[in-house]
Amino acid sequence: MSRPAPTRQDHLRFCEIEGWRVVRASTGRRSTHHETYEIELLDGRILRTRISRPPDRTGYGAALWSHILRDQLQVSPEEFWHCLRTSGPPARSAAPTPQDAIPTDLAYLLKHRVGLTDEQLAAMTRQTAIERAQQYWTTGR
C-alpha cells in the first residue's frame, strides 16, 4: 500500500489524536526550534517525541521517519496512518478491561482481611469475589 510522505503536520496530528502533552522548558516557555511532546502509556512507559517548528507540510526523510516511528512514537507505519485516517488513537492507548476483573479494593480486602492467597484470588470470578466479601462482612470469617 502506497502512503503519502509523512510531514511534521502529520506527526503533530498523531500526537494530538493520542493525547500527547507539550513539555515546557524549565523556564516555562515553549521552544522556538522544536516542540517536545510526551505521553505516559498504560504500562508506565513515558514516550517523548520532538517536532521541528513550525509543524508544516515539510516532509521527513526515510531514515529519520523510521527512527521517529520506532524509537519515539513506538508504532508501526500501519498504526500511524490508521490513527490519522480514523482520528482514533492507536490500539496501545486503549487497554481492554477484562469484563470479569475483580476490583483492586476488593482483591485487597480478600487478601489482607479475609486471608485468601493470590492463587485463590486468581481462580475467582468477580461474582464469586463479591459473594466471598459479603460472607466475610456478615459472618466475620
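The values are calculated or read from the model by the stated rules, or taken from the named source; none is laboratory data. All of these numbers come straight from a predicted model, not from anything done at the bench. All Cβ positions, even for glycine, are placed from backbone atoms using ideal geometry, and neighbour counts span all protein chains on display.
Of note:
- Look at region 23-37: where a residue is at pLDDT 70 or above and among the charged types (D, E, K, R) and a partner is in a loop (DSSP other than H, G, I, E, B) and surrounded by 11 or more Cβ atoms within 10 Å (Cβ to Cβ), sitting 6+ places away or on another chain with Cβ atoms under 6 Å, you get E35/R53.
- Within region 39-51, the set of residues being loosely packed, with under 14 Cβ neighbours inside 10 Å and either out of contact with any strand residue (DSSP E or B) (no Cβ under 6 Å at 6 or more places or on another chain) or not charged (D, E, K, R) (or both) comprises L41, L42, D43, G44, R45, I46.
- Candidate set from region 55-71 (those that are surrounded by fewer than 16 Cβ atoms within 10 Å (Cβ to Cβ) and free of Cβ contacts under 8 Å to residues at least 40 places away in the same chain); member that is farthest from R3 (Cα to Cα): D71
- Scanning region 101-120 for residues being small (G, A, S) and within 16 Å of W137 (Cβ to Cβ) gives a total of 2.
- In this structure, W137 does not satisfy being out of contact with any helix residue (DSSP H, G or I) (no Cβ under 8 Å at 6 or more places or on another chain) and either touching a residue at least 60 places away in the same chain (Cβ under 8 Å) or crowded, with 16+ Cβ neighbours inside 10 Å (or both).
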